[in-house]
1. Roughly how many Å is it from the Cα centre of segment 466-543 to that of segment 283-318, as a whole number?
2. In nm, to one decimal, how far is the residue 346 label point from the residue 225 one, both placed 7 Å along Cα→Cβ?
3. Would you list 504, 217 from fewest to most Cβ contacts within 10 Å?
4. With r defined as the distance between the Cβ atoms of residue 364 and residue 389 and R0 fixed at 30 Å, what FRET efficiency is calculated, to the nearest 0.05?
5. Starting from the Cα-Cα distance between residue 185 and residue 424, subtract it from 0.36 nm times their residue separation and give me the gain in nm to one decimal.
6. For labels at residue 586 and residue 241 in the simple 7 Å Cα→Cβ model, what's the distance in nm?
7. Just rank 526, 495, fewest to most, by other beta-carbon atoms within 10 angstrom.
8. Just add up the charged neighbours of residue 158: K/R +1, D/E -1, any other residue whose Cβ is under 12 Å from the Cβ of residue 158.
Amino acid sequence: MINRKYHQRGQRLLRLTLAMGLSLSAVSAQSAASTTPPIQTPSERLVAAADLPNMVGEAIQAAPAQPPAEKGEQAQSADENVVIPTPPANQQPPGAIAEFAVSSWCAGAGSVIAPSPEQPHMTLGQLIGLLQRHNATLQTKQLAQQSAEAAVQRAKGVFDPLVSFSLKRSHQEEPNNIEEKLTRYTSIYKTDSTAVSMSMSKLFSSGLQLEAEVSETKLMTSTMKTLDANEPDNHRASYSLSVTQPLLRDARSSVVEAPVRAAELGHKAAEHERLDTQSMVTAEAVIAYHDLVLAQHKVAAMQEKIAMANRLLGMAEDLYKKGRLPQSDVWEVENSLSRFETALAEAQQGQREQSNRLRTMIMQSQGEDLGVLQVADVLPKKISNLPTLTESVEQAYAKRQDLKAKRMLLKQQDEQLGYSENQMLPRLDLVASYGRSGLAYDGLDAFEGMKDLSPSWSLGVQASVTLNGNKQAKADVQSARAKREEAALAVKSLEVTITNDIDTSLNALKSACKRWKYWDKVANREEQRVVMEKDRVKAGRSDVRQLLLSEERAIDARQVLKEQQVAFAKAQALLATAQGTLLEQFH
């Protein structure tokens, strides 16, 4: 039962890790399948290529090709410090992170595809702030922590002094037997009294129980009236002090204060659990945020493809009208445009789903059609000095909130075990009492008269032993030992899980670095191919279809590069979560 919640936490972390993965081979296969051109005869290619330079020459001159991105510092081995290529200050490479800008060889293709400026961007810090204030899971944990804090105050309440006050007016009549008639002089004995008393009791951490009481009673009986009809009311005053000190069971402060310490440890565990839940929810939000960033890039990529296809479709239609391009090539461009528009609709739906996923986390309803959340592009630029496994594990052991909670629960079981073992002892208490009393016709005189009389006192011991064995106490001890062992195993199991989680996260970072480096090269090469294809068009050795495929491959390569950057950002979040340092990044 103790491990269930942390097993569920491990499953959530595993799901986050799996969600981070990218099916690159599937993306490449789908792209290859969707861009396969129909077969065209060599004569058709020659006819089209012969007239293409005349049709696109002005467009090419209006939009000269951008030179390939200069290569910055190349990444080192994934097992060493990794640095992702950095572009020069005056040039933005295809894998740039600050903005998603795409350019091509024709006029108009260098514009930035971005959300409308009227829609404000939500930063990651703003999202985390809303999350901490409005997330339902975090609010539940905060209430649980408040409940644990109330349990501490309740446990401390046993040491609070207890004051009691009593005011009682009474009248009593009872018949006398023969013997009582001789002393009471009446057949009916009547008593009228008014009693006032106040007492205070307190339990000390040593187990000592102290109780003090002061009382004053105004009394009149039928016998006193019989003896003297003018007898005024009598006033009896008294005070007493009693002490009980356990000698065996509940005899030490470590035992008496055990419930308080157990409640305090439970409160600390609840606080660590709240912080652990906050870390997990924050990790989910960070990953969802990056998923939305990627969804925005997918929408922008599809919009760029549509703009490119519309441009090439106009060129193809002009060539077809002049009889210099077969209609099948026009159809292929139109089919590609339809395919891009379909992909745009799917990308926009994915963006909507990721947006609503974030809105759900911050308890924001989409009922009023608030539109799609727009988030800032926060993809990382580079990473260096990856921590070692040993350093990360040591850091996690010191900062992981779930591990701290487990340790608090283990200490709590130690307290419970010590208390249960003490309850097996027989009860042996030292008891003592001391008091005085006085009698007068006035209440104050009754208190003054106390000093004229000798005090009353008592001193002794009292014991109680359960016969036939203390079965209840033995059962409590066995249960406490089992729970203590279970808590210790939970700590050990979590330490192993932490080590493996960190190893997985570190390798995920290294893998993402490699993929990022490789796809950056691919994106650069695809950009160069676009430039080369433009030159082929000018020379009459290419056609519209090949130009469309070349530009589509370049856009796809840049999109896959973005996916690697998102995968790297997710791996960073998972590593920070495994190390227990994620919340520090937002405070």
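Read-outs throughout are calculated quantities, based only on the coordinates presented, and are distinct from any laboratory measurement. Computed from a predicted structure; not experimentally measured. Ideal geometry is used to build each Cβ from the backbone, glycine not excepted, and the neighbour counts take in all protein chains shown.
1. Here the two parts' Cα centres lie 29 Å apart.
2. Taking the simple label geometry, residue 346 and residue 225 are separated by 10.5 nm.
3. Details: 504 17, 217 20.
Least to most surrounded, the residues fall as 504, 217.
4. Values: r = 39 Å, r/R0 = 1.31.
Here the calculated transfer efficiency is 0.15.
5. On the way: separation 239, 0.36 × 239 = 86.04 nm, distance 5.66 nm.
In short, 80.4 nm is gained.
6. 5.9
7. On the way: 526 21, 495 16.
Neighbour counts put them in this order, fewest first: 495, 526.
8. Numbers: positive: 154, 156, 202; negative: 160, 250, 257.
Value of the local net charge: 0.
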